[in-house]
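Heads up, the thing below is written out as structure tokens.
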Amino acid sequence: MGETEQRPTAGSRLGAQENAGISTLEHGQKPPMTPPGKLISIKIQMLDDTQETFEVPQRAPGKVLHDAVCNHLNLVEGDYFGLEFPDHKKMMVWLDLLKPVMKQIRRPKHVVVKFVVKFFPPDHAQLQEELTRYLFALQVKQDLAQGRLVCNDTSTALLISHIVQSEIGDFDETIDREHLAKNKYIPQQEALEDKIMEFHRNHMGQTPAESDFQLLEIARRLEMYGIRLHPAKDREGTKINLAVANTGILVFQGHTKINAFNWAKVRKLSFKRKRFLIKLRPDVNSSFQDTLEFLMASRDFCKSFWKICVEHHAFFRLFEEPKPKPKPVLFSRGSSFRFSGRTQKQVLDYVKEGGHKKVQFERKHSKIHSIRSPTAQPSEQHTEVPKQVSDSSGFAYGENNDAAVVQSCRQGKELKASTEDVGQHKSPSLKKSPQESKKVDGAVVSTVEEEEETPKDRMQQNRPQSQQPSTGSLTGSPHLSELSINSQGGPSVANMSLSPNLSPDAKQSSPLISPLLNDPSCIRTDDEEEVKRKRFPTEKAYFIAKEVATTERTYLKDLEVITSWFQSAVSKEDCMPETLKNLIFSNFEPLHKFHTGFLKEIEQRLALWEGRSNAHIKGDHQRIGDVMLKNIQNMKQLTIHLWKHNEILMELENGIKNSRKLEIFCRDFELQKVCYLPLNTFLLRPLHRLMHYKQIMERLCKYYPPSHVDFRDSRAALAEISEMVAQLHGNMIKMENFQKLHELKKDLIGIDNLVIPEREFIRLGSLSKLSGKGLQQRMFFLFNDILLYTSRGLTASNQFKVHGHLPLYGMTIEESEEEWGVPHCLTLRGQHQSIIVAASTRAEMDKWTEDIQMAIDLAEKSSGPAPELLASSPPDNKSPDETSVDQESEDDLSASRTSLERQSPHRGNTTVHVCWHRNTSVSMIDFSIAVENQLSGNLLRKFKNSNGWQKLWVVFTNFCMFFYKSHQDNHPLASLPLLGYSLTIPSESENIHKDYVFKLHFKSHVYYFRAESEYTFERWMEVIRSATSSASRTRALSHKEPHTY
């Protein structure tokens, strides 16, 4: 007999490697053993109405079939979906993942199992994958057609208009009418066709992925979104419908919700024959009885509804899958049913860790050939993307949408090991039926990517460095990582994601095959290292002097961002008033000129010190204090320019506020690779540099004995620089707060007057807010007069939308873990509103408690309540006990979408976004400590599974390590935000066997860095520790001295 020809699967025809069990297993786990035996064929109807057939062993549990479907679709977030089928009584039930398939589907030849959305999250922004949101959009389309998603005509027309946009693209009246005539999205569609086309006209330029996002944004606010009604009667015999959602159990009369029981209020769920029982927690303010009883049509209906309630509660409320109960010895009582699979928290953590492989997909109903990520298309000005195709890796970027785009990343032992691991997950007894769908033309193909390096370290391909700054920019996809190469959202096409949390839709190849890592000149052998160490001085004063030189190089590059790159861009655009130009450049150019000469003197002194001439024999040049004293004294003449920086910062922000053209210009400049930090941060660099000089001279004076030849000059230089710092320190603190408020303003939408006199920023970070929908991740911003809470959108802007605010005047704060049963829980009681929040750890809770209490005390001492915020959209000030939290009326839906569509391009990589994805927080004190802890120099880097050490120029600033090939490069090749990372020394078992090595790790992502001396090792440990371990306010204020080792 000949072998059965297997047609390509949906995943394999798109270039994906086969794997199994990826959708519901923790990273590194293998799927359960599939029982051998006879295979049965199961027909599955997908959400795009296609049918696929899967063959599974007779005794295989439902989990094997569910995983097979998710694997077939290359679906990472498969836990939101389920399989439903009609049982022998023609009642639609969910496939139990623990029971054998054959015991549930008695006649598989005559049954079609449907793959549908089972769990609807409270916020679709929690869906990290574009494929997942596409499938949810298909579910909404299906629910509209079947009459499940009931809403008014305006909402219906708006929903359909986004579906049409995703399927046929931009509005064209003739094409629209033809398309609507051929496709019926709802019964009696003709009456709404004009309104659908009117809405469709407003979606110009919207990509299919953006259309999915907007569709879900509208749908999630509807009362019937994700609702399946189960007929029942109350105790009086009134006909009602019961439903279950992420918030709890809902009661409907017809299609109108008349009651809701949040999970926080429900103590126990049970059923007895056909009676469904809800036991509530005692509440003195409630008129409900302790136990509510509903009568359903039969015991089977009742048990089915009870099961789905148990599953919803476990999925949305538990942190991990519940453990199975021990089997009773004699007899059992009640059902042994339990939820099986990952909870929503586990799914979110898994995707955030980056423990999955990104594969692009095909939209069956879309006539738009391109399926790239929304707004991730390169501009014409970006011609630097590599086009060479080597034997090991190929990148083809074509403008013909019908041509396949192939990205292959197979090279090296580590990559092979990664792909072999995927192969090991494949179940040998699971086969796809020949009735697979046929290959589709015009697919975009991207292979699975190497796992070890992509989560955290994204390298750009080698490109010619342009002499002038490029004005071209790229915007990110709705769910691009916040860890992009440019701290303000630079090009994403040639960038790898650094984040283990979110992955861009179109990554590049692994750093393992980037020219930076494959260039032999970048790898230094151990022999070369030993020779170099023997040649150079080893005393601490030399390394302190070397730190002056390395950090001065970085400082000069930062000045050039303003004096060269920014000035060059300004000269080409007529967007900045002449007075502002003169103010900025007349004050920065003298600084640049002076520090160019200063750096030259330091490097000359180091050359003499290192023995590159005979002067070191006399001992005349083994010192740095005299050079520092001379230049610090000369620097005093530049103080007049330093005093102007406050005016420069304020005038630039006022100019941006008053001129839309200047705002767009500055925003576009920040998207350039050379502008690796926010633009206004570079304006503060000269003041920050003074503090660095002071710290360096303090270390030098502490090291020298009074009898040392360099001690007197060093002490005099310290006195001079301390005087300058004392004069400018107060001004610098005000400027830092002003700069931080303006930077936060760019990250927020829904608030217009964030920057007001006397407002001070205190802390920002991620907390979970307890509402009627359960615990939802929110970003909180604490100021000295007000507390804002926001949610993150997945549009191109990646900004945070303000949901509400609490004035601190009259607020109280108390721990409430026992009251709500949530770990690390706090209740914030304002004069008009109270909210319940939960931190990720006890330490985080303590930091928030300390800072909020301090802010409340400050607000009490002020003259009175804070001024009302002028919000561009009404903030959500509802009580956490209300079941309709974050819901809007249907009439407002058409207006709600516009606030997310007209925003600035991608800002997915700021400190705010890092805190969101790492689930941590950072305070203004942390930012101030970060300003003091900046460092530059060469380090050797090694990945967990690599052998060689790679030499890189590293700049540490703003809680982030920026990697360059050399100190002469104009822009970083990659970046690594360190908030949430742990800093340790490698253990013996890690087989590093080198001196001066420190280890950075976050979950499964590990990096080793090697310094050249004991002093530089201690310095890197000191500055990195300031970013990886956020200090509490009390500890930060009491430890002024640098950390000692």
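Of everything in the stretch 622-652, what is closer than 30 Å to residue 741 by Cβ and either outside any helix (DSSP H, G or I) or among the small types (Gly, Ala, Ser) (or both)? Give them in sequence order. Explain how you work it out, then say what you get.
Applying the first criterion (closer than 30 Å to residue 741 by Cβ) to the stretch 622-652 yields 635, 638-652.
Residues satisfying the conditions are 643, 644.
Scanning the stretch 97-122 for residues that are under 30 Å from residue 771 (Cβ atoms) and out of contact with any Pro (no Cβ under 8 Å at 6 or more places or on another chain) yields 116, 117, 118, 119, 120, 121, 122. Sub-7 Å Cβ pairs linking a first residue in the stretch 648-673 that is within 13 Å of residue 569 (Cα to Cα) to a second residue that is in a helix (DSSP H, G or I), at least 6 apart or interchain, are 662/655; 662/656; 666/656; 666/679; 669/566; 669/569; 669/679; 670/679, ordered by first then second residue.
The residues of the stretch 947-999 that are out of contact with any strand residue (DSSP E or B) (no Cβ under 9 Å at 6 or more places or on another chain), outside any loop (DSSP other than H, G, I, E, B) and of a type outside the set (D, E, K, R) amount to a single one, 989. Checked against (1) touching a Lys or Arg at 6+ places or on another chain (Cβ under 8 Å); (2) free of Cβ contacts under 8 Å to residues at least 24 places away in the same chain, residue 789 passes all but condition (2).
Inside the stretch 131-190, residues that are surrounded by 23 or more Cβ atoms within 10 Å (Cβ to Cβ) and outside any helix (DSSP H, G or I) make up a count of 1.
When restricted to residues that are over 16 Å from residue 117 (Cα atoms), among the aliphatic types (A, V, I, L, M) and open to solvent by 10 Å² or more (accessible area, probe 1.4 Å), the stretch 212-231 contains 0.
Please go through the stretch 733-775 and give me each residue that is open to solvent by 10 Å² or more (accessible area, probe 1.4 Å) and in a helix (DSSP H, G or I), ordered by number. Once the filter is applied, which keeps residues that are open to solvent by 10 Å² or more (accessible area, probe 1.4 Å) and in a helix (DSSP H, G or I), the stretch 733-775 yields 733, 734, 736, 737, 738, 739, 740, 742, 743, 745, 746.
The set of residues in the stretch 593-620 that are at pLDDT 85 or above, open to solvent by 30 Å² or more (accessible area, probe 1.4 Å) and β-branched (Val, Ile, Thr) contains only 596.
Per the conditions (1) more than 28 Å from the chain's Cα centre (by Cα); (2) under 25 Å from residue 271 (Cβ atoms), the sole criterion not satisfied by residue 245 is (1). Residue check: residue 935 meets all listed conditions (1) over 22 Å from residue 685 (Cβ atoms); (2) in contact (Cβ under 8 Å) with a residue 40 or more places away in the chain but one, namely (1).
Could you please find all residues in the stretch 679-702 being free of Cβ contacts under 8 Å to residues at least 24 places away in the same chain and open to solvent by less than 10 Å² (accessible area, probe 1.4 Å)?
First, the residues of the stretch 679-702 that are free of Cβ contacts under 8 Å to residues at least 24 places away in the same chain: 698, 701-702.
Across the stretch 679-702, there are no qualifying residues.
Could you tell me whether any residue of the stretch 248-258 is among the polar types (S, T, N, Q) and buried (at least 18 other Cβ atoms within 10 Å of the Cβ)? No; the residues of the stretch 248-258 include none that is among the polar types (S, T, N, Q) and buried (at least 18 other Cβ atoms within 10 Å of the Cβ).
Residues in the stretch 36-66 that are farther than 25 Å from residue 166 by Cα, open to solvent by 30 Å² or more (accessible area, probe 1.4 Å) and in a loop (DSSP other than H, G, I, E, B): 36, 37, 38, 58, 59. When the stretch 621-633 is examined, which residues are found to be open to solvent by less than 60 Å² (accessible area, probe 1.4 Å) and in contact (Cβ under 8 Å) with a residue 24 or more places away in the chain? Answer for the stretch 621-633, where residues must be open to solvent by less than 60 Å² (accessible area, probe 1.4 Å) and in contact (Cβ under 8 Å) with a residue 24 or more places away in the chain: 623, 624, 625, 626, 627, 628, 629, 631, 632. Each residue in the stretch 975-1011 was checked for being under 19 Å from residue 956 (Cα atoms), small (Gly, Ala, Ser) and surrounded by fewer than 19 Cβ atoms within 10 Å (Cβ to Cβ), and 1 of them qualify.
Considering only residues in the stretch 666-678 that are in a helix (DSSP H, G or I) and crowded, with 21+ Cβ neighbours inside 10 Å, the one that is nearest to the chain's Cα centre (by Cα) turns out to be 670.
Close contacts from the stretch 835-852, counting a first residue that is in contact (Cβ under 8 Å) with a residue 60 or more places away in the chain and a second that is open to solvent by 40 Å² or more (accessible area, probe 1.4 Å) and aromatic (Phe, Trp, Tyr), with Cβ to Cβ under 8 Å and a gap of 6+ residues or different chains, come to 836/820. Criterion applied to 822, 837 was being under 21 Å from residue 773 (Cα atoms), at pLDDT below 85 and not basic (Lys, Arg), and the one residue passing it is 822. Looking across the stretch 934-974, the residues that are of a type in the set (D, E, K, R) and open to solvent by 10 Å² or more (accessible area, probe 1.4 Å) come down to 942, 944, 951, 965, 969. Scoring residue 717 on the criteria (1) in a helix (DSSP H, G or I); (2) in contact with a Phe, Trp or Tyr (Cβ under 9 Å, 6 or more places away or on another chain); (3) surrounded by fewer than 19 Cβ atoms within 10 Å (Cβ to Cβ) leaves a single failure, condition (3). Here the stretch 191-211 is the region considered, the condition is being within 27 Å of the chain's Cα centre (by Cα) and open to solvent by 30 Å² or more (accessible area, probe 1.4 Å), and the residue that is modelled with the lowest pLDDT is 205.
The values are calculated or read from the model by the stated rules, or taken from the named source; none is laboratory data. Note that the structure is predicted; figures quoted are calculated from it, not measured. Backbone-built Cβ (ideal geometry, glycine too); neighbour counts: all protein chains shown. In case anyone asks, the SASA skips ligands and DNA or RNA and just uses the protein heavy atoms, side chains included. Shrake-Rupley method; radii C 1.70, N 1.55, O 1.52, S 1.80 Å.
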